[in-house]
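> I have a structure I would like to understand better, so I am pasting it below and will then ask my questions one at a time.
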Amino acid sequence: MRKLVVSEFVSLDGIVEAPGGEDGYRHGGWTIPYFSPELGEYKTAELLAADGLLLGRVQYEGFAEAWPERSGDPMSDHMNAMAKYVVSASLQDPTWNNTHLLGGDMVTAVTALKKAAGADILVAGSATLARSLFVADLVDELRMAIYPLTLGSGKRLFPDDSHLHFELDAVTTIPTGVILASYRRAEAPAAVGFDYGSMVEPTSES
């Protein structure tokens, strides 16, 4: 079965909104000062490991406006050639190469994609879609580029009532202070009894 990977840029306080300045968010573009060649290499390798992009309408429209005019480098060429799967009830007549609209029930459609032959399916951004995929337990791996700043407000990746468990797969830090962390979905750890009183140092009066 193909692996479904969600990849997000995240601030220390969990904000994922407009990392590249895509909309009217007041802190739009907050990732730009932290770019480095190491980050570029990481994101290129991540994309090249996938043969399908799974996107919500808003993210798709942003990508479809930016990427078709780019070519001549591995990331651009692969982005334009690979399959794009869009979860949307409103998008009509997409013109970006190799775009496929997923109609009907999202869970059924994405499950079928995962069962098909191929490499990774990558969800880049698309926070609203990613939330739905987590709720449906369809995500196999979460990758976060965690930035050393707080934003105070904005769209977060997980809803307030989410309760999901992950295990750390890999982590590295790049020179700009960004942490690249990869997590796999995991079962809740077994409850272990612990006596917090044992952590208290005895005093002379004890």
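> Only Lys, Arg, Asp and Glu count, each charged at its Cβ (+1, +1, -1, -1), so figure out the dipole size of the stretch 1-157 about its Cα centre, rounded to 20 debye.
So the magnitude is around 360 debye.
> What accessible area per residue, rounded to a whole number of Å², is obtained for the chain using a probe radius of 1.4 Å?
With the other protein chains kept in place, the chain gives 56 Å² per residue.
> Place a label point 7 angstrom from the Cα of Asp77 along the Cα-to-Cβ direction, then list the residues of the stretch 93-124 whose backbone nitrogen is under 13 Å away.
none
> On to the next question. Can you pull the one-decimal nm distance between simple spin-label points at Asp93 and Ser36, each 7 Å off the Cα toward Cβ?
4.7
> Which percent of the accessible area of the stretch 1-148 is formed by carbon and sulfur heavy atoms (probe 1.4 angstrom)?
It is 54 percent, rounded to a whole number.
> Hey, rough spin-label estimate for Ser153 and Lys115, points 7 angstrom out along Cα→Cβ, what's it come to in nanometres?
4.5
> Here is a further query. Cα-Cα pairs above 21 Å in the chain: how many percent?
Numbers: 12237 of 21115 pairs.
Looking at the chain, the distances longer than 21 Å represent 58 percent of pairs.
> Across the Cα atoms of the stretch 45-124, what radius of gyration and what greatest pairwise Cα-Cα distance (Dmax) are found, in Å?
Computed over the Cα atoms of the stretch 45-124, radius of gyration and Dmax are 12.3, 37 Å.
> Here's a follow-up. Quote the relative contact order of the stretch 34-124 in percent (integer), defining contacts as alpha-carbon pairs under 8 Å separated by 6+ residues.
Over the stretch 34-124, the number comes to 37 percent.
> Sticking with this structure for a sec: Estimate the FRET efficiency between Glu65 and Ala190 by the formula 1/(1 + (r/R0)^6), using the beta-carbon distance for r and 35 Å for R0, to the nearest 0.05.
0.15
The values are calculated or read from the model by the stated rules, or taken from the named source; none is laboratory data. Please read all numbers here as calculations on a predicted model, not as lab measurements. Note that each Cβ is placed from the backbone with ideal geometry, even for glycine, and that neighbours are counted across all protein chains shown. Ligands, DNA and RNA are excluded from the accessible area calculation, which covers all protein heavy atoms including side chains. Shrake-Rupley method; radii C 1.70, N 1.55, O 1.52, S 1.80 Å.
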